[in-house]
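Let me begin by presenting the structure, written as structure tokens, before commenting on it.
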Amino acid sequence: MSVPGKRTKMSTGPDVKATVGDISNDGNLNMAQEECSRKGFCSVRHGLALILQLCNFSIYTQQMNFSIAITAMVNNTAPPSQPNASTERPSTDSQDYWNETLKEFKAMAPAYDWSPEIQGIILSSLNYGSFLAPIPSGYVAGIFGAKYVVGAGLFISSFLTLFIPLAANAGVALLIVLRIVQGIAQVMVLTGQYSIWVKWAPPLERSQLTTIAGSGSMLGSFIVLLVGGLLCQTIGWPYVFYIFGGIGCACCLLWFPLICDDPVNHPFISAGEKRYIVCSLAQQDCSPSWSLPIRAMIKSLPLWAILVSYFCEYWLFYTIMAYTPTYISSVLQANLRDSGILSALPFVVGCICIILGGLLADFLLSRKILRLITIRKLFTAIGVLLPSVILVSLPWVRSSHSMTMTFLVLSSAISSFCESGALVNFLDIAPRYTGFLKGLLQVFAHIAGAISPTAAGFFISQLLLTYQAWFSTSSLAEQMCRTGLKNRYSPTSEQTKRCARSWCLVVHCFPSETFPFHACLTGKPLARPCI
């Protein structure tokens, strides 16, 4: 359907006849796209995606840094009379100036006598406000613009990260309150940013722009896993918060002067790029609305399919993020340093594959090889079906460290295709309500994040009890030796735990991979503008 008023105002050449679903059929718009794409990643819209990538990088490092640092913050091995035994040991060799300096840094890092229950409350407090904040944050960003919502959230989260060491010294209550506020601020960033793409992302570049921005989450997870433990061991755990909090504050200096909610108002955008973006979105209703079609959303099967996909994909993501280090250290028997490096590998490969998947999706769409609905369904199916097969195969290859890591990396790489499938599909079906829908989807993601680690721990404990009961009889031990345990009749406790954790990863992750595959095969197409 054409909109004559907008066409006369925004288009100086032939008419723009494309819709959101088949905008690639407009030859003149394709010519404009080819002319504008000559700048490649030097365009302002790609610069915006890179800045958002840095924002997501900062937010995810701030989300995960406490999980890394808490191992050094809690005094697990020292006697009660020694607050931090690791910093009080006498030197066995002559220390040079650098080592003495490192010892001084570490001596200033206190250790706390937090019980496991207190540790669990502190770690989960980041998600306490995450259930209520996403929908209001997305709604406000959709109405008033994402620039100040995202910028304020990034600054608050980064600023509070710098004060976590002081809050830990002041008491557990203050630390929990700080992390609750920090979690709400992080939700503002993760939810509000998608409202920017309603006016900035041409339909033929929507996948690549959103995946470039979203890859910062994987990159942040990779970096904090790689260097977080090293920082704790060398200069002390407080500097984990100082460094990543400082990076977030520096990112704010880029965000506020360089980001605009609308390309029309951007001070540095070229006239050609501005014309291309405006013309490509001429037929899309981007105007914000205070009212929400709640009844239409409830009846929308594609929206329900996306909700189920979000829940299941983030169920897997939080499980892998929480238990990959434990899995590698227990099943593969890796030390602390190697465990951090190996745990980071799937995330860096996933970061690269997210971007490549977005580029491939937009290439298939721009060359008219596949329709948008076909691309979304195909990428969703690939991203959930193949990792399912890979994860199911993990217990049979755990005797080989290289094969286990290869399977984990492949699972992360292939599952990243979902970022160009169902996980970005809400921008296709209802661009006018992107902020609200992203907030709703984020609620489902946080519910998955709150349940999945607890469920994984429950499965591990139950499997341990079951395996110990089975191994109490020699006949069942004969049967279970096929799982790869070395001792045929008298497995050790450590071997039992390794076997349980190996099977737990498969039992826990396989359903989360298969549900989205069935959800995307609903009767109505995922990419139909149904709202």
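The values are calculated or read from the model by the stated rules, or taken from the named source; none is laboratory data. Model, not experiment: these values are computed from the prediction. We place every Cβ from the backbone using ideal geometry, glycine too, and count neighbours over all the protein chains shown. Note: areas computed on protein heavy atoms with side chains; ligands, DNA, RNA excluded. Shrake-Rupley method; radii C 1.70, N 1.55, O 1.52, S 1.80 Å.
Where does the Debye-calculated log10 I(q)/I(0) of the stretch 404-444 sit at q = 0.15, 0.18, 0.29, 0.31 Å⁻¹, using only Cα point scatterers of equal weight, no solvent?
With no solvent term, the Cα-only Debye profile gives -0.49, -0.60, -0.93, -0.99.
Just in the stretch 332-385: which trypsin sites (Lys or Arg not before Pro) are loop by DSSP and have at most 14 other Cβ atoms within 10 Å?
Here the trypsin sites (Lys or Arg not before Pro) that fit, given the DSSP loop and packing criteria, are ARG367, LYS368.
Which log10 I(q)/I(0) values, to two decimals, does the stretch 307-455 give at q = 0.12, 0.17, 0.18, 0.20 Å⁻¹ under the Debye formula with one point per Cα?
The Debye formula, applied to the Cα set alone, gives -0.56, -1.02, -1.10, -1.27.
Please compute the volume of the convex hull spanned by the alpha-carbon atoms of the stretch 167-281 and report it per residue in Å³.
127 Å³
Determine the principal axes of the Cα atoms in the stretch 243-364, then give the extent along each, sorted from largest to smallest and rounded to whole angstroms.
Rounded to whole Å, the extents work out to 57, 42, 33 Å.
Among 258-265, 67-74, what's the highest-first ranking by average C-beta atoms within 10 angstrom per residue?
Peptide ranking by packing, descending: 67-74, 258-265.
How much accessible area per residue does the stretch 353-401 have, in Å², with a 1.4 Å probe?
46 Å²
Sorted by average packing, counted as other Cβ atoms within 10 angstrom per residue and highest first, what order do 138-150, 185-197 take?
185-197, 138-150
Accessible area of the stretch 301-401 with a 1.4 Å probe: how many percent of it is carbon plus sulfur?
Numbers: 2960 of 4070 Å².
The nonpolar share, carbon plus sulfur, comes to 73 percent.
At q = 0.14, 0.21, 0.22 Å⁻¹, what log₁₀ I(q)/I(0) does a Debye calculation on the Cα points of the stretch 357-438 give, no solvent, two decimals?
Relative scattering, expressed as log10 I(q)/I(0), comes to -0.57, -0.91, -0.95.
When N counts the residues of the stretch 116-199, how does its alpha-carbon radius of gyration compare numerically with 2.2 N^0.38 Å, as a ratio?
1.18
Can you give the percent of C-alpha pairs in the stretch 249-313 whose distance is more than 18 Å?
Counting pairs separated by more than 18 Å, the tail of P(r) holds 65 percent.
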